[in-house]
Each structure stands twice: as C-alpha cells, then as structure tokens.
1. Calculate how large, on average over all directions, the projected area of the Cα convex hull of segment 1-52 is; give the answer in nm² to one decimal.
2. Would you compute the Debye intensity of segment 203-267 from its alpha-carbon atoms alone, equal scatterers and no solvent, and pass along log10 I(q)/I(0) at q = 0.20 Å⁻¹ to two decimals?
3. What share of all Cα pairs of segment 148-272, in percent, falls into each consecutive 5 Å distance bin?
4. Would you report the distance distribution of C-alpha pairs in segment 123-175 as whole percents per 10 angstrom bin, up to the bin with the largest distance?
5. Could you sort 196-205, 87-96, 227-236 so that the peptide with the highest average Cβ count within 10 Å comes first and the rest follow in order?
6. Out of 242, 259, 157, any idea which swings most in a Gaussian network model of the chain, alpha carbons joined below 10 Å?
7. Residues of segment 222-265 with amide nitrogen under 17 Å from the 7 Å Cα-to-Cβ point of residue 109?
8. Using Cα pairs under 8 angstrom and six or more residues apart, how large is the relative contact order of segment 104-216, in percent?
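Each reported figure results from applying straightforward, stated rules to the coordinates on display, with no laboratory input. Note that this is a predicted model, so its numbers are computed, not measured. Cβ: placed from backbone, ideal geometry, glycine included. Neighbour counts: every protein chain shown.
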Ligand SMILES: [Zn+2]
C-alpha cells in the first residue's frame, strides 16, 4: 500500500495534533487535557479509522470554539467554572468513544460506529447546551422539580439549551454522514445519520440534566455560604455534602451521559 492509501490517515493525525495544540495554546485545555485529547484522538484514528477521527474532531473543535466565544460573557457573570478542560474531563467525555473504536478494530462492526456517533452527539449536545444556555442568561429550571436556578447549575434545562442540544446532534450526525459517504452524501444517508445524532444528542443531554439534578453530588461551602459541585471549594474550605452520591461528580455524570448516547445511537441504527 502506497502513500496515497495512508494520506487521509496522515492528514487527519496532523490536523488532530494541531487542534490539540491550538486548544492548549488558547487555554481551552490544560497541558494534561491536551495530551489526553491527543491520546484519545490517535487511538480513535488508529483503531476506528479516519471517519471516526473526523467525528471526534468535530466535537473537540465545536467545543473549543463555543467555549472561546462565550468566555467574555461568562467571565462578566463570573460563571467561568473549570474554563480549561483537564485530562479527567477529557477522558470522562470521550474515553468511552475511544473504547468503542478499540472494540470495533476486529471485527469491524458498523453498529459500533453508530454507537460512537451517538456518544459523540451526546457529548457535543451537552457542551453546546451548557455554553449556549449559559451565554443566553435568563433563569433555567431544574429538570426534576421545575424550580428556577442560576445558569450553569447541574441539572438545569432551558428551551434554548435544549435547542442547542438538538442542533449539536444534527451537526455531528451530518458530519458522520459526510465522513462515511463523502460530500455531498445521499439525502437518505444524511437523514439517517442526522436523525441518529438528533436522538442521541437530545436524549443524552436530558439524561445528563436528569442525573445532574438527582444523583450528582452537591456540596455546601460554609465559609462562602454557597452551593458548589466541588468537595473542596475554590476558596480552600472543605465543603459538606448536601445532596447526591459523593462518588458521582460531574465527570462521572458526563461519562454516564456518553454511554447513554451510545445506547441511543445503537438502538436508532437497528431501528431506522
Ligand atoms: Zn468557599
């Protein structure tokens, strides 16, 4: 096999490495986060292939563009929670997807790619909903009780945030269609993948909100008289658990969300 055969793989690897570098230089990722993103990207490319890596790149690229676009507005409202993604956050969001790529290596299984696209749609949907929902301001509501809560609260949902999830799912599904079928793909291929992305994105994002509002750990900082998701508050004080399971933090909820997305993707692949 000649160079032409390996060229798409090589180009994707270089673009991916460049994206991780840019994410780190621009402050979207910590150095550990950039290395984790690089490792996950290379594993996805090596075991899944170019189409898989393109879908992953679309998730990373859209997340860093949105988080950069929203930074000024969020800083103004002092909402910049965990602005830089670290290695744990990157693995929590995309580790399951990389594992699906490894599993699909032998034998290559189209259904696993559908599960992967579902995972990626859910991850992108959650990120877009958070970034766009937070930017818009207003008071979202808790998915469980309907109580109004500050933007950025785990488990909060808004109409705009849910619309952003749907759009993210459609986008990731369309990228998947293009990466398996070339551009422009057949209308029926776009419809199938966009529908899969939409379903996994919206259901994954709702699952994330539901878990965030019900079982995710929530702490209280006595020094600041504030609710927080951190066991130890950014002010340095130890916090008291007021709600949820102590082992189920935001990263665990994101990992569960990525699994939910893959199940939805798999089911939609079988049924559509
Ligand atoms: Zn505090």
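1. Average of the hull's projected areas for segment 1-52 equals 3.6 nm².
2. Evaluating at q = 0.20 Å⁻¹ gives log10 I(q)/I(0) of -0.73.
3. Spelled out per bin, shortest first, that is 2, 11, 16, 17, 15, 11, 9, 7, 5, 3, 2, 0.
4. It works out to 30, 50, 17, 2, in whole percents.
5. 196-205, 87-96, 227-236
6. Among 242, 259, 157, the largest mean-square fluctuation in the Gaussian network model of the chain belongs to 242.
7. 259-265, by backbone N distance to the label point.
8. Relative contact order, segment 104-216: 35 percent.
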